[in-house]
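Chemist: Starting off with a structure, shown below.
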Amino acid sequence: MKKTSMIKASLLGCSSALGLNWIYDKKFLTEYTKDKEVLFQPIDHEAYRQAKTSFDVYPDSIVGDLDFMGEVLYQFNLFSKDIENQNPLSWRNKLYNSFNSESSYKGYIEHYGEDLITQVEKERKLNLEPSIHTIHVDKQLVGPALLLAIYELDLINSKTETAIGYAKVLTEYSGVNKFITLLKNLFDDLSSGVEKMEALKQNIQFAPDSYRESLKMAIEMKDQSKFIKEYSGVACGLNQSFPLIYNIVANNNTWEEALRMNAVLGGASSARGLFLGAIFNIIDGVPEKYLNILTHTI
């Protein structure tokens, strides 16, 4: 195992699950993956057709590519290194230039991206002042994900406040503030040597009130299938994805184990992988055989 940068470990985690991302058929996935390696596999489009519920939205992706949330985080990583041009309006313009119809990106775009592109084009057409902070309420992982790109940047002092400021370009959901605060404290604790289970437990206090029971059960419940049914789910929303991230962290000790479990569960596996890759890079490091697999240069 080798420790790498948080952003690289995060994007590797995202990419590792893309082959099974957004398949929502646990019975099928259990049988399909029984004798297969699941990490960094090409997308099997036939598997998507066989699954009862699935969304095969990355038809041209290859091993080492990212889902849309991973692409947003990659662009934020590039943006965060441009110390001459760091402000929310520049970040908004960076997103628009990276994903609009004239850009080189031809993959799937999630709703928060579509909303931003539509709003920017409306403003430009009508010669309006830009609405830097969106009114789109997105309750997915993308807001908290921005912390992953700046956590290790020495040039940014107030990392929590900075991540929150940039997250407002993508979502108006106020709970994002608490998730970013939770993650920052969790990363700090793990980096300073706090034992994994203790770090998870003591950072539940920073979560929105409505999430605290599910995060507590994520640590305590041993039956993962029952936990998913009663307290989380495997879909994209924070109410499903964040407790499941906690549960996967609680039940694994290595980067590879955690990302394998994540991939086999399907659903929003690439988005969850962003956080699992980062967390287990602190705990364990990344197997060296995966370090050069990304199609983006980090």
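Chemist: Using DSSP to call loops (not H, G, I, E or B), can you name the trypsin sites (Lys or Arg not before Pro) in the range 1-104 whose Cβ has at most 16 other Cβ atoms within 10 angstrom? Write out the running numbers ahead of the final one.
Modeler: Details: sites: Lys2, Lys3, Lys8, Lys26, Lys27, Lys34, Lys36, Arg49, Lys52, Lys81, Arg92, Lys94; in loops: Lys3, Lys34, Lys36, Lys52, Lys81.
Taking the range 1-104 and a limit of 16 other Cβ atoms within 10 Å, the loop trypsin sites (Lys or Arg not before Pro) found are Lys3, Lys34, Lys36, Lys52, Lys81.
Chemist: What is the set of long-range amide H partners of Lys2 at a cut-off below 5 Å, with H atoms built 1.01 Å from backbone N?
Modeler: Val286, Glu288
Chemist: In addition: Can you give the Kirkwood hydrodynamic radius of the range 6-290 from its Cα pairs, in Å with one decimal? Let's see the in-between values first.
Modeler: Numbers: mean 1/r = 0.0522 Å⁻¹.
One decimal place: 19.2 Å for the Kirkwood radius.
Chemist: Further question on the same structure: So what's the range 1-131 giving for Cα Rg divided by 2.2 N^0.38 Å, two decimals? It would help to have the intermediate numbers written out before the result.
Modeler: Values: Rg = 17.8 Å, N = 131, 2.2 N^0.38 = 14.0 Å.
Here the answer is 1.27, to two decimals.
Chemist: So for each of 157-170, 53-66, 241-254 I average, over its residues, the number of other beta carbons within 10 Å; can you give me the resulting order with the highest mean first? Don't skip to the answer; put the middle values down first.
Modeler: On the way: 157-170: 19.4, 53-66: 15.7, 241-254: 22.4.
Ranked by mean Cβ neighbours within 10 Å, highest first: 241-254, 157-170, 53-66.
Chemist: Please give the Cα centre distance for the range 240-287 versus the range 1-48, rounded to the nearest Å.
Modeler: 11 Å
Chemist: Okay, moving on. How do 83-89, 96-102, 202-208 rank on mean C-beta neighbours within 10 Å, highest first? Could you put the intermediate results ahead of the total?
Modeler: Working: 83-89: 11.0, 96-102: 15.1, 202-208: 17.4.
For the peptides 83-89, 96-102, 202-208, the packing ranking is 202-208, 96-102, 83-89.
Chemist: Which of the GluC sites (Glu not before Pro) found in the range 194-276 are in a DSSP loop and have at most 16 neighbouring Cβ atoms, other than their own, within 10 Å?
Modeler: Details: sites: Glu195, Glu198, Glu213, Glu220, Glu230, Glu256, Glu257; in loops: Glu195.
Sites meeting the loop and neighbour criteria: Glu195.
Chemist: Let me ask you something else. When the helix-only estimate is applied to the chain (DSSP H runs of n ≥ 4, each -39,500 (n - 2.57), divided by the residue count), what is the mean residue ellipticity at 222 nm, nearest 500 deg cm²/dmol? Could you put the intermediate results ahead of the total?
Modeler: Numbers: 16 runs with 162 residues, N = 298.
So the calculated ellipticity at 222 nm is -16000 deg cm²/dmol.
Chemist: Over the range 25-98, what relative contact order in percent results from Cα pairs under 8 Å that are six or more residues apart?
Modeler: Working: 30 pairs, mean separation 17.7, N = 74.
Relative contact order for the range 25-98 comes out at 24 percent.
Chemist: With the chain treated as a Gaussian network of Cα nodes joined by springs under 10 Å, which of Phe28, Phe275, Phe179 yields the largest mean-square fluctuation?
Modeler: Phe28
Chemist: Once you keep just the Cα pairs under 8 angstrom separated by 6 or more residues, what percentage relative contact order results for the chain?
Modeler: Details: 490 pairs, mean separation 92.0, N = 298.
Worked out over the chain, it gives 31 percent.
Chemist: Another one. Can you give the translational diffusion coefficient of the range 203-250 in µm²/s, computed by Stokes-Einstein from the Kirkwood radius over Cα pairs at 10 °C and 1.306 mPa s?
Modeler: On the way: Rh = 10.3 Å.
Reported coefficient: 154 µm²/s.
Chemist: Let me ask something else. Which FRET efficiency, nearest 0.05, do Ser174 and Lys122 yield, Cβ-Cβ r, R0 25 Å? If you can, show how the numbers build up before the last one.
Modeler: On the way: r = 25 Å, r/R0 = 0.99.
Calculated transfer efficiency: 0.50.
Chemist: Separate question: Kindly give Rg over Rh for the range 174-233, based on alpha-carbon atoms, with the Kirkwood expression for the hydrodynamic radius.
Modeler: Numbers: Rg = 12.1 Å, Rh = 12.1 Å.
Radius of gyration over Kirkwood radius for the range 174-233 works out to 1.00.
Chemist: Which GluC sites (Glu not before Pro) in the range 32-74 sit in a loop by DSSP (not H, G, I, E or B) and have at most 13 other Cβ atoms within 10 Å of their own Cβ?
Modeler: Values: sites: Glu37, Glu46, Glu71; in loops: Glu37.
In loop regions of the range 32-74 (DSSP not H, G, I, E or B), the sparsely surrounded GluC sites (Glu not before Pro) are Glu37.
Chemist: Further, regarding this structure: Taking a cut-off of 19 Å between Cα atoms, list the lysines near Lys196, but don't count ones fewer than 8 places away on the same chain.
Modeler: Partners found: Lys2, Lys3, Lys184, Lys216, Lys222.
Chemist: Report the extension gain between Glu152 and Lys52 in nm, rounded to one decimal, defined as 0.36 nm multiplied by the number of residues separating them, less their alpha carbon distance. Write down the numbers at each step before the final one.
Modeler: Numbers: separation 100, 0.36 × 100 = 36.00 nm, distance 4.10 nm.
31.9 nm is the gain from fully extending Glu152 to Lys52.
Chemist: So, how do all the Cα-to-Cα distances of the range 185-298 break down into 5 Å bins, in percent, from 0 on up?
Modeler: So the P(r) values, bin by bin, are 2, 12, 22, 25, 21, 11, 5, 2, 0.
FYI, it's all coordinate maths here, none of it is from the lab. Since this is a predicted model, take the numbers as computed values, not measurements. Note that we place each Cβ from the backbone using ideal geometry, even for glycine, and neighbour counts take in every protein chain shown.
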